Structure formats: structure tokens, C-alpha cells
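A short write-up of the structure that comes next.
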Amino acid sequence: MFDNLKELCLLNGTSGNEDAVREYIINEIKEYAEYHVDNLGNIIAFKKGKKVPRKKIMLDAHMDEVALIVTSIQSDGTLTVDTVGGVDASVVIGRQVIVGSEKLAGVAGAKAIHKLSKDEREKKPEIDSLYIDFGAENADDAKKYVMPGDIVYFSSDYIEFGDNMIKSKALDDRFGCALLIELIKSDLEYDAYFTFTVQEEIGLRGAKTAAFGVDPDIAIIVEATTAADIEGVPDNKKVCRLGDGAVVSFMDRSTMYDRELYNYAFEISKEKNIKCQTKTMIAGGNNSGAVHVSGNGVRTIAVSAPCRYLHSPSCVVKKDDLVSCYEMVKALLKKVAVL
């Protein structure tokens with residue numbers, strides 16, 4: 001299962017620049033579903049099942065990942081950057097990066113610690129204090145290869161390690177894309193729409209237009225969500241835990257989820273012995289925030305994989321949780337089809 005997850009994660013595609021991811025997904029699904037690409041760049045796919053559901057159902061995952069964007073070229077040939085999506089500057093310092101369309105190797109640098117003042121050492125680093133060094137001699141040399149607006153991606157390997165763990169960039173939300181691809185390639189009991197959306201990381205923009213276009217009654221959002229299950233974090237602050245299965249939220253910062261669908265998930269968990277957990281904090285958000293208020297309103301549930309070190313070059317998930325998410329989404333699809 002999820003044979004294409006590695007390839008999806010290693011593709012580069014941040015908000016507004018999802019072309020490579022979109023092309024890959026289309027090649028994977030074109031023999032299994034009808035599809036079109038809307039004006040914003042979302043893939044809207046329809047998979048025929050054995051039966052027609054009572055309500056129109058949409059399953060969604062976003063294609064974009066967090067990254068950096070070049071804002072200026074300095075006299076010494078280094079680049080200033082800003083974030084595309086929520087990236088903490090502290091996870092960027094010292095990281096190897098890939099710069100621009102030429103895919104140049106670079107490093108994210110910062111002022112040397114012995115050059116920092118006492119106040120600077122005590123403060124959390126800000127993104128505008130960092131720079132990208134890709135070996136240019138000076139500004140004129142750098143301008144031959146890079147211009148403001150070029151994207152800087154994390155350079156990250158996809159590694160399987162430990163107790164069925166995976167480490168990679170972009171697991172948020174290439175995991176969701178991989179799950180939807182698996183479902184499209186399977187024999188579905190009921191018809192369903194599948195949306196692979198753009199620009200989630202900068203404001204749920206693709207989901208807004210996709211939901212308007214599909215006009216679903218019920219939506220299942222497939223995501224990765226923050227897990228802080230490490231030593232020293234109180235249980236109520238751990239959010240969710242690797243190994244405890246699919247994460248189903250009752251509320252986050254963008255959505256109050258449909259209570260009946262939320263309860264169904266835990267009923268399914270007991271009936272089918274699928275590991276399932278909820279978030280212990282009201283935090284974060286995902287495409288549900290745009291989808292559930294689209295049109296006349298959409299009954300919405302999110303099924304997420306717990307992920308450590310989210311929005312970093314080294315996101316970590318557990319394979320067993322990914323399988324639990326797949327089983328939960330497939331069971332939910334059958335359940336909500338007859339509501």
C-alpha cells in the first residue's frame with residue numbers, strides 16, 4: 001500500500017507551483033477516473049462505483065507543500081527569503097536546500113552564534129534574519145541563475161527507519177494524495193468525487209474553488225496533523241500520538257466538525273477494529289475550513305495521519321497509522337453514502 005508515497009514526497013511543489021505533483025497524479029489516475037483541471041489548478045476527478053450514493057461525496061487532499069520564496073538578492077550573492085506557508089525559522093537554519101528552477105544546491109545560513117548579541121541569542125530566530133547561500137560570487141553572478149519569486153525547497157531524503165517509521169519532507173499532504181490515489185484505483189462501492197487541491201498552505205484557496213465546483217453534500221478531508229508525542233510534553237499538549245491510528249478531530253482553528261460524522265468514525269473504529277484517536281488540543285486547521293462553509297454548507301470530517309516535526313524537512317509518520325487512515329476513510333465512504 002502507498003507504493004507511490006516516496007515519489008510523491010520527493011516531488012517539489014509548493015503553493016501555486018504544484019505542476020509536477022499534478023502531472024504525476026494525473027498519470028496515476030487517468031485510467032481509473034474521469035478528471036479535469038480547474039482554472040486554479042485543482043484536479044477534480046470522478047470515480048464511478050458500483051452504486052450511486054444518496055448524497056454527493058467529495059474526498060480531498062492538497063498537493064502543495066511548505067517552502068521558501070526568494071525576496072531579494074544581496075550584494076554578496078546570498079538570497080533573502082520569506083515563507084510559503086507556516087515554516088518555523090528554527091527548522092531552516094543549516095539545512096540543505098534546492099534553489100530555483102535550475103535546482104541549485106544551497107544552504108540556509110544565519111549569523112554565526114559568536115556574532116549574536118545576548119538579546120539575539122535569547123530570541124527565537126525570524127525568517128528575515130536568514131539567508132540562502134548557493135555559492136554565487138556576488139549579486140551579478142547570482143542573478144544569472146536566480147530571481148525574486150523563485151522557490152527554495154528543502155532537500156530531503158525519503159527514509160524508512162526504526163519501528164515502521166518514515167521520514168521525508170512533504171508528508172503533509174502527499175500522504176493524503178497517495179491515499180486518494182489508492183482509493184481511485186480500487187473498486188469503490190459508491191460513486192465519489194476526488195479533489196487534489198492547490199494552495200492549502202497559504203489559506204485553503206484551492207479547496208474553496210474545488211468545493212464550489214463539486215458542490216458536495218458531504219466531504220472527507222485527508223491530511224497529516226501535528227503530533228507532539230515526545231518526552232516532556234504534557235499528555236493534553238501532545239495533540240495526538242504516532243501508533244495510535246487515524247486522527248479524527250472534533251474542532252480545530254478553522255472548523256467545527258460535523259458531530260454525527262465524528263461519532264461515526266469512532267463507531268467504525270470499534271466495529272472494524274481500526275485504530276482511531278482524537279486531537280487533545282484545538283489547534284491548526286486544514287481544507288475543511290474552506291469546504292464546510294462552501295455553497296449551502298457541507299457536512300465535513302477530517303481524517304489525519306499523526307506526524308512529528310510537521311512543516312519541516314524531516315516529517316515523521318508511522319506506516320501503521322497510514323493504513324489505519326486508509327481503512328477509516330474507505331469505511332466512512334461506505335457509511336456516509338447511505339445517509
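The values are calculated or read from the model by the stated rules, or taken from the named source; none is laboratory data. Model, not experiment: these values are computed from the prediction. As a convention, Cβ positions derive from the backbone with ideal geometry for all residues, glycine included, and neighbour counts pool all protein chains shown. The area values use the complete protein model at the heavy-atom level, side chains included, leaving out ligands, DNA and RNA. Shrake-Rupley method; radii C 1.70, N 1.55, O 1.52, S 1.80 Å.
Against the chain, whose longest principal axis comes from its Cα atoms, helix 205-214 is set at around 20 degrees.
Going by accessible area, probe 1.4 Å, with all protein chains left in place, what is the ranking of Phe2, Phe161, Phe194, Phe266, largest first? Write out the running numbers ahead of the final one.
Numbers: Phe2 20, Phe161 90, Phe194 0, Phe266 60 Å².
Highest to lowest solvent-accessible surface, that is Phe161, Phe266, Phe2, Phe194.
Put simply, the amide H of Leu104, placed in the peptide plane, has neighbours under 5 Å in Val99, leaving out anything fewer than 5 places away on its chain. How high is the relative contact order of the chain? Use alpha-carbon pairs under 8 Å, at least six apart in sequence, and give a whole percent. Across the chain, relative contact order equals 23 percent. Couplings 3J(HN,Hα) for segment 238-255, derived from phi with the Karplus relation 6.51 cos²θ - 1.76 cosθ + 1.60 (θ = phi - 60°), are 6, 6, 7, 10, 5, x, 9, x, 4, 9, 10, 8, 8, 6, 9, 6, 10, 8 Hz, where x marks Gly and Pro. Provide the FRET efficiency to the nearest 0.05 for the Ser254-Leu10 pair, computing r from the beta carbons and using R0 = 35 Å. So the FRET efficiency works out to roughly 0.75. Counting only protein heavy atoms and using a 1.4 Å probe, the accessible area of Met281 comes to about 60 Å².
Bridging of Lys30 to lysines at a Cα separation below 24 Å is possible for Lys6, Lys47, Lys48, Lys50, Lys51, Lys56, Lys185, Lys208, Lys330, Lys334, once same-chain residues fewer than 8 apart are set aside. Each peptide among 234-244, 295-305 gets the average number of other Cβ atoms lying within 10 Å of its residues, and from highest to lowest they stand as 295-305, 234-244. Among Arg308, Arg95, Arg253, Arg121, the order of accessible area from largest down is Arg253, Arg121, Arg95, Arg308, computed with a 1.4 Å probe on protein heavy atoms.
Looking at the chain, identify the longest residue range that excludes and avoids all GluC sites (Glu not before Pro) in DSSP loops having at most 15 other Cβ atoms within 10 Å.
Value returned for the longest uninterrupted segment is 232-339.
If you take every DSSP beta bridge whose two residues both sit in the chain, what share of them, in percent to the nearest 5, is antiparallel? Write down the numbers at each step before the final one.
Numbers: 40 of 62 bridges.
Approximately 65 percent, going by the DSSP bridge assignments.
Using only the Cα atoms of segment 239-294, build the gyration tensor, take square roots of its eigenvalues as a ≥ b ≥ c, and label the shape rounded, prolate or oblate: rounded if a/c is under 1.5, else prolate if a/b is larger than b/c, else oblate. Oblate, since a/c reaches 1.5 and b/c is not below a/b.
Remark on segment 2-69: Rg and Dmax equal 13.8, 46 Å (Cα only).
Our helix-only sum for the chain, with -39,500 (n - 2.57) per DSSP H run of n ≥ 4 divided by its residues, gives a mean residue ellipticity at 222 nm of -7500 deg cm²/dmol.
Each residue of segment 65-76 was assigned a 3J(HN,Hα) from its phi angle through the Karplus expression (A = 6.51, B = -1.76, C = 1.60, θ = phi - 60°), giving 10, 6, 6, 10, 9, 5, 9, 6, 10, 8, 4, 8 Hz with x at Gly and Pro.
Each other residue within a Cβ distance under 13 Å of Leu204 adds +1 if Lys or Arg and -1 if Asp or Glu, for a net charge of -4.
Taking amide hydrogens as placed 1.01 Å from N in the peptide plane, the amide H of Thr225 sits under 5 Å from those of Ala305, Cys307, each at least 5 positions away in sequence or on another chain. Applying the Karplus relation 6.51 cos²θ - 1.76 cosθ + 1.60 with θ = phi - 60° to segment 146-152 yields 3J(HN,Hα) values of 9, 9, x, x, 5, 9, 10 Hz, where x marks Gly and Pro. Proximity of backbone amide H atoms, modeled 1.01 Å from N, is registered between Thr300 and Ala219, Asp258 at under 5 Å, excluding neighbours fewer than 5 places apart on the same chain. Straightening the chain between Ala283 and Lys56 buys 78.8 nm, computed as 0.36 nm per residue apart minus the Cα-Cα spacing.
Counting only alpha carbon atoms, the long axis of helix 19-29 and the longest principal axis of the chain meet at about 30°. Taking all protein chains as shown and a probe of 1.4 angstrom, Leu339 keeps an accessible surface of around 50 Å².
When all protein chains stay in place and ligands, DNA and RNA are ignored, the 1.4 Å accessible-area order of Tyr309, Tyr257, Tyr35, Tyr193, largest first, is Tyr309, Tyr35, Tyr193, Tyr257.
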